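S.K.: The structure that follows is given in the form of structure tokens.
Laboratory data are not the source of any read-out in this text; all were calculated from the coordinates shown. All values derive from a computational prediction rather than experimental measurement. Cβ: placed from backbone, ideal geometry, glycine included. Neighbour counts: every protein chain shown.
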Amino acid sequence: MKNTIHAQFTGTIQDYHHFIGPRIKNKICNFTRKNRNTRNGICEHCNTYNKELDSAHIHGKGRRQIIEKVLYNYLNNKIVIIPSLETVEIEILKLHKPIENVVKFLCKKCHNEYDNNIIETRENQGKNLTIQIKKNSKSR
Ligand SMILES: [Zn+2]
């Protein structure tokens, strides 16, 4: 019989961010980088070519927010009890797919504008999420 031991976790949400968070971050970064490379340097907003593109997390869909969304399912009196770390990790990574739902690949200029002047229009609760960036907004 196969002996399966699941790594477990008990702690606060902050503990999870502290001890497990860096590993999740690393995985998401790798996954994001792969997708960014498929953009061939073309900014999603202005469609210009850039040597390097930034990965801008769509507001409200940051890594921490996604992690916490999953952790709430395991929360009991402010303590997170996870019977299988691997399962939770898979759940968190799944919520990052498709990557277009959580990250936009933007040039530096559009990234700045995005972070400063975001207008979000949500249709269908996150499905068909469209993002517009205000043009010519007042300077920072
Ligand atoms: Zn751009």
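S.K.: What ranking do 4-16, 102-114 get when scored by the average of other Cβ atoms within 10 Å per residue, highest first?
M.R.: In descending order of packing, they fall as 102-114, 4-16.
S.K.: Considering amide H positions built from the backbone, and no H for Pro or chain starts, which residues 5 or more places from I42, or on another chain, come under 5 Å of its amide H?
M.R.: Amide H neighbours of I42, under 5 Å, 5+ apart: N50.
S.K.: Kindly write out, for the stretch 47-58 in residue order, the coupling ³J(HN,Hα) from the Karplus curve 6.51 cos²θ - 1.76 cosθ + 1.60 (θ = phi - 60°), rounded to whole Hz, with x marking Gly and Pro.
M.R.: 6, 8, 7, 9, 4, 10, 9, 8, 9, 9, 5, 5
S.K.: Hey, what do the phi angles of the stretch 19-27 turn into as Karplus ³J(HN,Hα) couplings, whole Hz, using 6.51/-1.76/1.60 and θ = phi - 60°, x for Gly and Pro?
M.R.: Along the stretch 19-27, the couplings run 8, 9, x, x, 5, 5, 4, 4, 5 Hz.
S.K.: Can you list the residues, at least 5 places off or on another chain, whose amide H is less than 5 Å from the amide H of T12, using H built in the peptide plane?
M.R.: So T12 has HN proximity to V80.
S.K.: Quick one: E52, E91, fewest Cβ neighbours within 10 Å first, how do they rank?
M.R.: By the 10 Å Cβ count, ascending: E52, E91.
S.K.: Apply the Karplus curve 6.51 cos²θ - 1.76 cosθ + 1.60, θ = phi - 60°, to the phi angles in the stretch 62-70 and return the couplings in whole Hz, x for Gly and Pro.
M.R.: Per residue, the Karplus-derived 3J(HN,Hα) values read x, 4, 4, 5, 5, 4, 5, 4, 6 Hz.
S.K.: Counting C-alpha atoms alone, how compact is the stretch 9-77: give Rg to one decimal and Dmax as a whole number, in angstrom.
M.R.: Calculated on Cα positions, Rg and Dmax stand at 15.7, 50 Å.
S.K.: With +1 on each Lys and Arg Cβ and -1 on each Asp and Glu Cβ, and nothing else charged, work out how big the dipole of the stretch 41-109 is about its Cα centre, in Debye to the nearest 20.
M.R.: That gives the stretch 41-109 a dipole magnitude of about 240 debye.
S.K.: While we're looking at this one, here's another question. Any idea what the dipole of the stretch 7-63 comes to, in debye rounded to 20, about its Cα centre with Lys/Arg Cβ at +1 and Asp/Glu Cβ at -1?
M.R.: 180 debye
S.K.: Ranking K27, K94 by Cβ neighbours within 10 Å, fewest first, what do you get?
M.R.: Neighbour counts put them in this order, fewest first: K94, K27.
S.K.: Suppose each label sits 7 Å from its Cα in the direction of the beta carbon; what would the T12-N30 distance come out to in nanometres?
M.R.: 3.1 nm
S.K.: Amide H neighbours of D54 under 5 Å, counting only residues 5+ apart in sequence or on other chains, H built in-plane at 1.01 Å?
M.R.: Residues meeting the amide H criterion: L106, C107, K108.
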